[in-house]
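The values are calculated or read from the model by the stated rules, or taken from the named source; none is laboratory data. In this text the structure is predicted, and so the values were computed from the model without any measurement. Using ideal geometry, Cβ is built from the backbone for each residue, glycine included, and neighbour counts are taken over all protein chains shown. The protein model used for the area step is the full one, side chains on, heavy atoms only, and it has no ligands, DNA or RNA in it. Shrake-Rupley method; radii C 1.70, N 1.55, O 1.52, S 1.80 Å.
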Amino acid sequence: MSLAFCGNENNSLAYNVDRGVLNNGCFLDALNVVPHIFLLFITFPILFIGWGSQSSKVHIHHSTWLHFPGHNLRWLLTFILLFVLVCEIAEGIVSDGFTQSLHLHLYMPAGLAFMAGITSIIYYHNIETSNFPKLLLALLFYWVLAFLMKTIKFAKYTEHSVGLRQLRYCITGLLALLYGLLLAVEINVILGRRYLCFTEATEVKPPEDLQDLGVRFLQPFVNLLSKATYWWMNTFITAAHRRPIDLKVIGKLPIAMRALTNYLKLCKAFESQRRPLGSMPQGPKWIWRALRQAFGRPLIISITFRFLADLLGFAGPLCISGIVHHISKDNRTIQPPLLGVYFISSQEFLANAYVLAVLLFFALILQRTFLQASYYVAIETGINLRGAIQTKIYNKIMRLCTSNMSMGELTVGQICNLVAIDTNQLMWFFFLCPNLWAMPVQIIVGVILLYYLLGISALIGATVIAVLAPVQYFVATKLSQAQKSTLEYSSERLKKTNELLRGIKLLKLYAWEHIFCHSVEETRGKELTSLQTFALYTSISIFMNAAIPIAAVLTTFVVHVHISEEADLSPAVAFASLSLFHILVTPLFLLSSVVRSTVKALVSAQKLSEFFSSDEIGDEQEPNATMPTGPSNHKTIPSGPRNHNNKYQAVVSTQLSHNVLRTLCFLEIVESVVITSGYFTWTDGTPTLSNVNIKVPFGQLTMIVGQVGCGKSSLLLAALGEMQRAVVSCFHCVYLGRKRGSVAYASQKPWLLNATLVENITFEMPMIKPRYKAVIEACSLQPDIDILPQGDQTEIGERGIILSGGQRQRIGVARALYQQTNVVLLDDPFSALDIHLSDHLMQEGIRKLLREEKRTVVLVTHKLQYLPHADWIIAMKDGTIQTEGTLKDIQNSDPKLFEQWKTLMHRQDGEFEKVPSHVSGDGNDRQRQSGDIVATDEEFEEDDSLSQAMRHRTTIPWRSCGVYLSSAGLLLPLLLLSQLFKHTLMVAIDYWLAHWTSHVITAKMDATGRNCTVCGFSHSWYLSVFSVLCCLGIVLCLVTSVAVEWTGLRVAKELHHNLLSKIILAPMRLFETTPLGNILNRFSSDTNTIDQHIPATLECLSRSTLLCVSALGVISYVTPVFLIALVPLAIACYFIQKYFRVASRDLQQLEDSTQLPLLSHFSETVEGLTTIRAFRYESRFRQRLLEYTDANNIASLFLTAANRWLEVRMEYVGTCVVLIAAVASISNSLYNHLSTGLVGLGLTYALMVSNYLNWMVRNLADMEVQLGSVKRINGLLKTEPENYEGLMAASQVPDGWPRQGEIQIQNLSVRYDTTLKPVLKQVNAHISPGQKVGICGRTGSGKSSFSLAFFRMVDTFEGRIIIDDIDIAKLPLQTLRSRFSIILQDPILFSGTIRFNLDPEMKATDDMLWEALEIAQLKPVVKTLPGGLDAMVTEGGENFSQGQRQLFCLARAFVRKSSILIMDEATASIDMATESILQKVVMTAFADRTVVTIAHRVHTILNADLVIVMKRGIILEYDRPQALLEKEDSVFSAFVKADK
């Protein structure tokens, strides 16, 4: 075929210029080439030369500074221009098909215009980002020329009566309009930037965000194309392959997205609702209004995008219908030429199957882009909203009234739920919100189109879907209920597991681990029953999702065929309606989750409204005081009534400003705190403190003493302004810098941050080395720091290393000492400390450090022996001040009280010891050992090369996948076979439909050919096969959904059971070297993932993968040539998923890891609220919250952007599949006579690929993250258990063994692990039956190891222990440990009844239990409790005091009636009174038993029969105490002397 610009027919009208050149169509087209050639020649050299940048003076993200006016409008117009030009090219090609030779002028100018359009936008983008506005002149000339040429062409068409019926006329007019608009945009840039025709150009500065190179989230700043395709994410996602993504890599949030910005926006919205009188409205409505006002606009944009996407979604079925319809008949009509060329109408243009294929391609591209844009905007808005609400909650917490917390109106758990759950519910509601508006539109349009295609039968099919929708909703509700009950059982199981792990040492020592293991298994059984219900409803939900479309299609076609004999069931109708049913089912699936999400959001808004309306501490928390002139002010303020506006403020006369009125007054003259006639209350009831009149002298030590519950702590809190004032006659509040400054406060219950030990002590203050060392020394923290794995850089707090009560308390006091405030308030800092630590702290910390600095110290204490050190004493009784003054004053004014104190002081002083300060009781040698292994683990991790780590990140954890699937057992083959059969059957159903409809067409054509009016087509055979296949398909859907869920259940059951069995039998070493939180996480989050998430992901992954594979198989079968195009697409998919998976995994982990500090910051703030307010650190903590929130939000935003990045690319690949499949099948049909049914089948499956490709990759990435849980659990499953078997069987051990309690230790050497040094070396000892033995020595001498050796808790590698003639190494572990009793240093009680705590084995009678309680002096206490022995013990025994808990442990040891009792520093953490009871009991009740006491206070073993002094794992001295005391040079006598 010959080729020429104007065509080369001999009598061609194309060369006719008789009526002037402008009346020749070909010349007009040639004229239109000029502007495009001009632009290409001008711009290409400039584009290739490259750019110097004027903006390089400012360090900014060059490629993102978009500052020319009309920027987005230009991009939008350019996109429309390019689309219209594609239509012009297509129109030219189609109209050229009517002639013999090719007329290049019909489409070549449009092709050049397309190239020029792309060049113009690239050129513009480079000029804008490089800030060279003068170079835009080239574009100005181009738009002028292009506009003129198109206008001339349009005018000539109008002149020759070419009208709206001709498509080319419409395209030309549209192009003239677009070029005109682009010219207007260009002129607007000149006017805005004044770079032409003005003397001075406009100065512009880049936005603050772009000047900050730390901002790397560029979505708000990039151009429209990059925004739509997330192009700016390319470098970020590919870089993730080279180095892991962390907070440094993702940088900071743009200002507009930061929590503070959004919080201010939300506050403004709340303020706008304030009523005229200044009060805020109540109830959830005002929250919704504020949210709508602050975040409504982006949501409307998201909804608009969603509407457009949904409407474009219907292009798929319509184009399939059009393509199949048009290739089944020849539609050519020839019209006479005008202006020497042929013109076609829009109907003829759209009758071309290839045109429809290209239009389908563009419609899908646009639809996917709009859909992803809608998702992104909705999620971004949700994330911004979450940040704003979290900040508002935090600011409310900072102003919360303390009584709300102490009275239990609000708990830490409730507040954490608000932050973790309710804010997320609102975020998810905003994300799903566009669906609420889009669903009705989708359903209405879908039903209308189905009716248009199928008539009344379509409505019946739609009714099937509508009827099943309520069933879906019912299933979703049941699913939600099942999840709730599962959560309850799960919490109970976790609570039990937590207790088991915390008390694992005691459980192993008492051989009770199996009892507790059984208890956990029992709860797990209930949880699994609940999980079964959950799995059942999940499988019904999955089944319905898959079966509803099949049922709807089957019903529709059955009805359609039976309603009329002449029913049109062509492939065009069948496959278009098939696609429409798939579209129609989607909103109905979403319905249940959207409704659930809406209900949850409404509940969350209600909770938030209740929280925001809870009582606040009052404006007085923000002081702005002026300094009173002197002490004369003390008595001048008359008392006033309560203020009705704020119940926490007192109204006073105007002699002092409102803000001066603080309960705490600091005067630099005589007194530091003065309260006169103060009445303070926690609630509106009776005052807790009545008629309080106190003066605290400046720069001196004041002690507050009194019985438990008399209001000592309340007085401190009242002084800090934490209590409500009922009546206050006179108080002043001024301190340093004209306002109440920071007060160092150590609360009674120590409060720690989740931070390093050094950060807990310095507490936001700069590090001053000498001061820090002095504080550490004063609080005796150095031995504890030496024991910790990373010294003072060890993470402590909730998530860190578990510390003892004493260590926590000393860190709290150290914080107060380190601060350089003039006032220090210490609330009972000695309560958890043993006597010598208390004394050291008193001497070195309070008397030396604080007194030397002339700081005002207020000390609440029970330790009356320290009263002589006080400068001022305040004695309290029943919420009032009993007396105050110096010790001498009180001796004179209240001799009776003084005598009472004297007796108590004398008794406590008698017990008082001064053990050398380096003997610290909190750390034992076990912890010292644990430091070694932690360090070696870390070194090992550091040695692991980065490249190896990177390689691990890029590979899918197939081994974990194998572990998971192998746990499924016989269910695995059932799962695989059912999935394969189901998808094969799905393809068979659609193939049969293609076969059937093709036969309908053939029969019709035959009937037309034979001119037969009677011969009809019988559908019955085809319909019956179709019905059978559909029914089988529905059955298989049920089988697969059940198989997946049941497989998941089986694996969950198996893995948890194995994990618990391994952990319970693991050696103690595992628990000493692994943080408890890590092991607990395996039972909580990892088990939850395996229980609920992996089955759903596995089902989704297998479904989307098999759908994609079957779709590609069908397309390849229909058009084998597609396989050639499949190769580059498959390569593209491989690389996209490869890069995405790595980045997605990192970002998911980052999002999780940034959420943890955020949530714990909330909980620690609530717990330490009084401390933070005392220190005046509210603003610092708020700042830290903003940092945590922003870190979490930026991780979430990057994860969202990464998901969109993947989905856009995968869906674009999917649209390419649709285009290639459409073009290939059209060509195949036209030239190879492929049946139209198969064309419809191929196109329907091609549409499916584009939907499921991204799901496949997303699920693969999710699966990879979730398999991490299996991997971590599998890591613990490899733990070597303790050797529970012995050489003797349990039956061979005598029943009453050991009867005598004789112990022979021969040449014993033990170590904690084969890799560590021995802790006992060559120890020999003989303990006679019934002897009382005391073992003493400094920390780390091996005392505890000695006691653990009896229970084989440590590795005995040499020597042996013989008890009553039996070598304990030969006994089964369970038997050995069940025959001894031990009382540990830390008393451990479990939640349950008192009976269960004393005797979990349920072997003892009630009389035995009461006897044990009587011996332990606990009988009166238990008698008064409701239920007696069946009274409940709360978790950790919190409803009993420390001393009572220790006595319960003694009773527990007595119940066992073992002839050997070991006491491991059992009296270290209890008061003197309790200790004397213990000693008395041991001497009487255990008179006939062998007792080994590891001594903490040396005086406790003076009455022992035998004393063993240890040092560094060897026995130094071994004799009776009297004999050792007689030796002047003995170590034991040195210890005792130091005691006196």
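Some notes on this structure:
- Sole exception among (1) within 55 Å of the chain's Cα centre (by Cα); (2) surrounded by fewer than 22 Cβ atoms within 10 Å (Cβ to Cβ) for Thr151, by number: (1)
- The condition of being closer than 30 Å to Ser747 by Cα and surrounded by 23 or more Cβ atoms within 10 Å (Cβ to Cβ) holds for Thr1189.
- If you filter region 1525-1540 down to residues that are open to solvent by 50 Å² or more (accessible area, probe 1.4 Å) and not in a loop (DSSP other than H, G, I, E, B), you find that the one that is modelled with the lowest pLDDT is Lys1537.
- Scan of region 470-501 for residues that are within 21 Å of the chain's Cα centre (by Cα) and more than 30 Å from Gly1436 (Cβ to Cβ), ordered by number: Ser480
- Pairs where the first residue, in region 577-606, is aromatic (Phe, Trp, Tyr) and the second is open to solvent by 50 Å² or more (accessible area, probe 1.4 Å) and modelled with pLDDT under 75, C-beta under 9 Å, 6+ apart: none
- All positions within region 481-509 that are polar (S, T, N, Q) and either farther than 30 Å from Arg524 by Cα or surrounded by fewer than 16 Cβ atoms within 10 Å (Cβ to Cβ) (or both): Gln481, Ser491
- Tally, over region 755-781, of residues that are open to solvent by 20 Å² or more (accessible area, probe 1.4 Å) and touching a residue at least 24 places away in the same chain (Cβ under 8 Å): 5
- Scan of region 884-903 for residues that are within 22 Å of Ser690 (Cα to Cα) and in contact with a helix residue (DSSP H, G or I) (Cβ under 6 Å, 6 or more places away or on another chain), ordered by number: Ile890
- Residue match in region 385-402 (condition: open to solvent by 40 Å² or more (accessible area, probe 1.4 Å) and in a helix (DSSP H, G or I)): yes
- Set side by side, the residues Asp1386, Asp1365, Asp1399, Asp1355 differ, and just one is acidic (Asp, Glu) and more than 24 Å from Ala1453 (Cα to Cα), which is Asp1355.
- Residue selection: Lys695 fails the criterion of being at pLDDT below 85, of a type in the set (D, E, K, R) and within 46 Å of the chain's Cα centre (by Cα).
- Residue match in region 92-101 (condition: part of a helix (DSSP H, G or I), touching a strand residue (DSSP E or B) at 6+ places or on another chain (Cβ under 6 Å) and farther than 15 Å from Val189 by Cα): yes
- Within region 872-893, being under 25 Å from Phe680 (Cβ atoms) and open to solvent by less than 40 Å² (accessible area, probe 1.4 Å) holds for Ile873, Ile874, Ala875, Met876, Gly879, Ile881, Thr883, Gly885, Ile890.
- Qualifying residue in region 554-569 (condition: part of a helix (DSSP H, G or I), over 29 Å from Asn1397 (Cα atoms), open to solvent by 50 Å² or more (accessible area, probe 1.4 Å) and in contact with a Leu (Cβ under 7 Å, 6 or more places away or on another chain)): no
- Hits in region 1122-1172 - residues which are open to solvent by 10 Å² or more (accessible area, probe 1.4 Å), among the small types (Gly, Ala, Ser) and more than 30 Å from Gln1266 (Cβ to Cβ): Ala1125
- Residues that are without any contact (Cβ under 8 Å) to a residue 24 or more places away in the chain and not polar (S, T, N, Q) were ranked within region 228-242; the one that is least open to solvent (accessible area, probe 1.4 Å) is Ala239.
- Only one entry in Arg297, Arg275, Arg292 is open to solvent by 70 Å² or more (accessible area, probe 1.4 Å) and modelled with pLDDT under 85, namely Arg275.
- Residues being among the small types (Gly, Ala, Ser) and crowded, with 21+ Cβ neighbours inside 10 Å - total across region 510-529: 0
- Test: residue in region 126-136 that is surrounded by fewer than 16 Cβ atoms within 10 Å (Cβ to Cβ), over 19 Å from Leu77 (Cβ atoms), in contact (Cβ under 8 Å) with a residue 24 or more places away in the chain and basic (Lys, Arg): yes
- Just one of the listed residues (Lys285, Lys265) is assigned to a helix (DSSP H, G or I) and loosely packed, with under 14 Cβ neighbours inside 10 Å, namely Lys285.
Yes/no per residue for (1) surrounded by 16 or more Cβ atoms within 10 Å (Cβ to Cβ); (2) modelled with pLDDT of 85 or more; (3) on the phi > 0 side of the Ramachandran plot; (4) under 44 Å from the mean Cα position of the chain (by Cα):
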site: Asn1324; (1), (2), (3), (4): no, yes, no, no
site: Pro1329; (1), (2), (3), (4): yes, yes, no, no
site: Arg1338; (1), (2), (3), (4): yes, no, no, no
site: Ser1344; (1), (2), (3), (4): yes, no, no, yes
site: Ser1347; (1), (2), (3), (4): yes, no, no, yes
site: Asp1355; (1), (2), (3), (4): yes, no, no, yes
site: Arg1360; (1), (2), (3), (4): no, yes, no, no
site: Ile1363; (1), (2), (3), (4): yes, yes, no, no
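- Evaluation of Phe141 against the conditions (1) among the hydrophobic types (A, V, I, L, M, F, W, C); (2) modelled with pLDDT of 80 or more; (3) touching a Phe, Trp or Tyr at 6+ places or on another chain (Cβ under 8 Å); (4) open to solvent by less than 70 Å² (accessible area, probe 1.4 Å) shows that the sole unmet condition is (4).
- In region 841-876, the residues that are β-branched (Val, Ile, Thr) and in a helix (DSSP H, G or I): Ile846
- Being of a type in the set (Ser, Thr, Tyr), under 30 Å from Asn1228 (Cα atoms) and surrounded by fewer than 20 Cβ atoms within 10 Å (Cβ to Cβ) is a description that applies to Thr1105.
- Among helices (runs of 4 or more DSSP H) entirely within region 1380-1466, having at least 3 residues that are modelled with pLDDT under 85 and open to solvent by 50 Å² or more (accessible area, probe 1.4 Å) singles out 1419-1424.
- Any hit, region 1501-1524, residues being surrounded by 19 or more Cβ atoms within 10 Å (Cβ to Cβ), among the polar types (S, T, N, Q) and either within 18 Å of Gly1330 (Cα to Cα) or modelled with pLDDT of 80 or more (or both): no
- Residue pairs meeting the criteria (Cβ under 9 Å; at least 6 apart or on separate chains; first closer than 13 Å to Leu1389 by Cα, in region 490-508; second among the aliphatic types (A, V, I, L, M) and surrounded by fewer than 18 Cβ atoms within 10 Å (Cβ to Cβ)): Asn498/Leu1076; Asn498/Leu1080; Leu501/Leu1076; Leu501/Leu1080; Arg502/Ile802; Arg502/Leu1076; Leu507/Ile515
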